[in-house]
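Student: For reference, the structure I am asking about is given below.
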Amino acid sequence: MSHWLRAGTADLWRLGALFLIAAALAQAPRAAGAAAKRTCAAPRLAQGCNPHPLTLREPARRPLSAVAQLGAKLFYDPSLSGSGRLSCASCHSPARAYGPPAAGPVMLGGPRLHTPGIRAVPSLRYLYRQPPFSIGPDAVGDNDQVIPLSQQALQAAGHVRVLKSASAPQAAAANLVPQGGLFWDGRADTLEQQVNGPLYNPLEMDAGSPGRVIGKLEKASYGKDFARLFGPGVFENPRLAADEAMFAIARYQIENADFHPFTSKFDAWLAGQARLTPAELRGYRLFNDPAKANCAGCHLDRPTRDGLPPLFTDFQYEALGVPRNPAIPANRNPRYYDLGLCGPYRADLGRQTQYCGMFLTPTLRNVATRYAFFHNGVFHSLAQVLDFYGNRDLHPGRFYGHDAAGHVIPYDDLPARYRANVDKVDAPFDRRSGDEPALTRAQMRDVIAFLDTLTDGYRGTGR
Ligand code: HEC
Ligand code: HEC
């Protein structure tokens, strides 16, 4: 297996921990002027107002450091890729919340930009608080002793999983389940470890070896910045220079406020500076209703206890039984399965079959700007996503393929032996054939109206 598949070294991990601390220190309440104007005099939820307006701790907005400025140049530089035509921004478009700019389920990469990827491109926004990958609530907590993942999994095995409920999301946060990490399967812990993935991935930027990358960096217009920042000898050790480049790109994603702007209507509403429409308010209530949509059971929408804005994810993993996507060429091989946590793109949890089919719960911020949904991009509208959440087990024929005898294959993107891993207990997945669906069509539209309030760039009253 080539090195881009492997999560990096302990050193990088420690560096990443430093980053998280630096990012946490940089949190500051939004500038006082912005908090001044409230939309509702006597705020009441029934009128679409936030009954408890808040000033939350957001990352400080400062000018970019010299390293981050270099990172910006690298982020937008297509010359690093094997094709010479693909930069990070080609797949992570700033116009689309750093998600995919095109409608295909996956993006094309490789030497001639003909090679389709295997997973949907996630948004790069709001990753600044992503914890490192671990299993269990404090598995890699404050102490220095890092317990191997296999042992963490063993410790977690005997525990009963807590139901994920919008009314008690904290309980789910204590689950002894896999959490944190970057990528759909959490195989990288930090942004700079992560950059090695797409850069050398033959399906993505296909940059070749660090040596080849360094050759290009040296010749680039910013080659001199590089030597100035990291020392004149930096290009003599290609590995080191490549690591510094990753470091710079990571700094750019951490320092640039455009990666965590918190400018959605929902953020304005949290601050008491916007009023939800009746449809948005109905959607908000359903989103938080543990017996209905229950979305907040996993996509947490409350500020944290220490005043950080909600990121609409609990950082945990779930198997939702997302349908197989025939548009991904790798899926033409009937024996190929993307099992998330247990492979094929991470190799360390393959024997922990209880995790097969689990993928990271993504943020829902800016989700309405996406063209493709879920890890394999199988759905192309939020209406399809909501239909899936509401009717997966009631009308499986709507989502899954059929076998030769014409029978529906439920959870058809998992081998039969792993289908028991699929979540059937948390609402809205707790409905069985013959039950009323968790959501009516009209209610689905309301939830979508609420999801629309999570798009950054809201220019309503007060902001
Ligand atoms: C050809 C398209 C493509 C290019 C180019 C690309 N990426 Fe990605 N990126 C992806 C895909 C697909 C994933 C998800 C892969 C997975 O989960 O296995 C991803 C995942 C990520 C993630 C993890 C996000 C998360 O939510 O966990 C980060 C961070 C990231 N990319 C940054 C970058 C950077 C930095 C560059 C440039 C060095 C880059 N990407 C270039 C397609 C691309
Ligand atoms: C039990 C936990 C859980 C609940 C409850 C839940 N989700 Fe999710 N959600 C996930 C996970 C895990 C994924 C990623 C699954 C995958 O790609 O295989 C996801 C993915 C999504 C996506 C795709 C995002 C993207 O970037 O592709 C949307 C949209 C979404 N959820 C909306 C909702 C809504 C709306 C509700 C309520 C009706 C909801 N979710 C309830 C766990 C949950």
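Every read-out reported here was derived from the displayed coordinates using simple, explicitly stated rules and does not represent laboratory data. Please read these numbers as outputs of a predicted model, since none were measured by experiment. Here Cβ is always computed from backbone atoms with ideal geometry, including for glycine, and neighbour counts include all displayed protein chains.
Student: Hey, which lysines would be in cross-link range of Lys73, C-alpha to C-alpha under 23 Å, not counting anything within fewer than 8 residues on its own chain?
Tutor: Counting by Cα, and skipping residues close in sequence, Lys73 has these lysines nearby: Lys216, Lys219, Lys224.
Student: Expressed in nm², what is the orientationally averaged projection area of the convex hull enclosing the Cα positions of the range 262-463?
Tutor: Here the figure is 12.9 nm², rounded to one decimal.
Student: Sticking with this one: What is the distance in Å between the Cα centroid of the range 205-281 and that of the range 35-70?
Tutor: Here the answer is 24 Å between Cα centres.
Student: Would you mind classifying the range 321-418 by shape? Square roots of the alpha carbon gyration tensor eigenvalues, ordered a ≥ b ≥ c; an a/c under 1.5 is rounded, otherwise it is prolate if a/b is larger than b/c and oblate if not.
Tutor: oblate
Student: With labels modelled as points extended 7 Å from the Cα through the Cβ direction, what inter-label distance (nm, one decimal) is found for Thr277 paired with Ala42?
Tutor: So the label points at Thr277 and Ala42 sit 2.7 nm apart.
Student: Follow-up question, since we're still on this one. With each pseudo-label sitting 7 Å past Cα toward Cβ, what's the Tyr76-Val160 distance in nm, one decimal?
Tutor: Computed distance between label sites Tyr76 and Val160 equals 5.6 nm.
Student: If you don't mind, another one. What does the charge count around Arg119 come to, taking other residues whose C-beta lies under 10 Å from its C-beta (Lys +1, Arg +1, Asp -1, Glu -1)?
Tutor: -2
Student: List the lysines whose alpha-carbon lies under 21 Å from that of Lys265, not counting same-chain residues fewer than 8 positions away?
Tutor: Within reach: Lys37.
Student: Subtract the Cα-Cα distance of Asn331 and Gln170 from 0.36 nm times their separation in residues, and report this length gain in nm to one decimal.
Tutor: Length difference between fully extended and current span is 54.2 nm.
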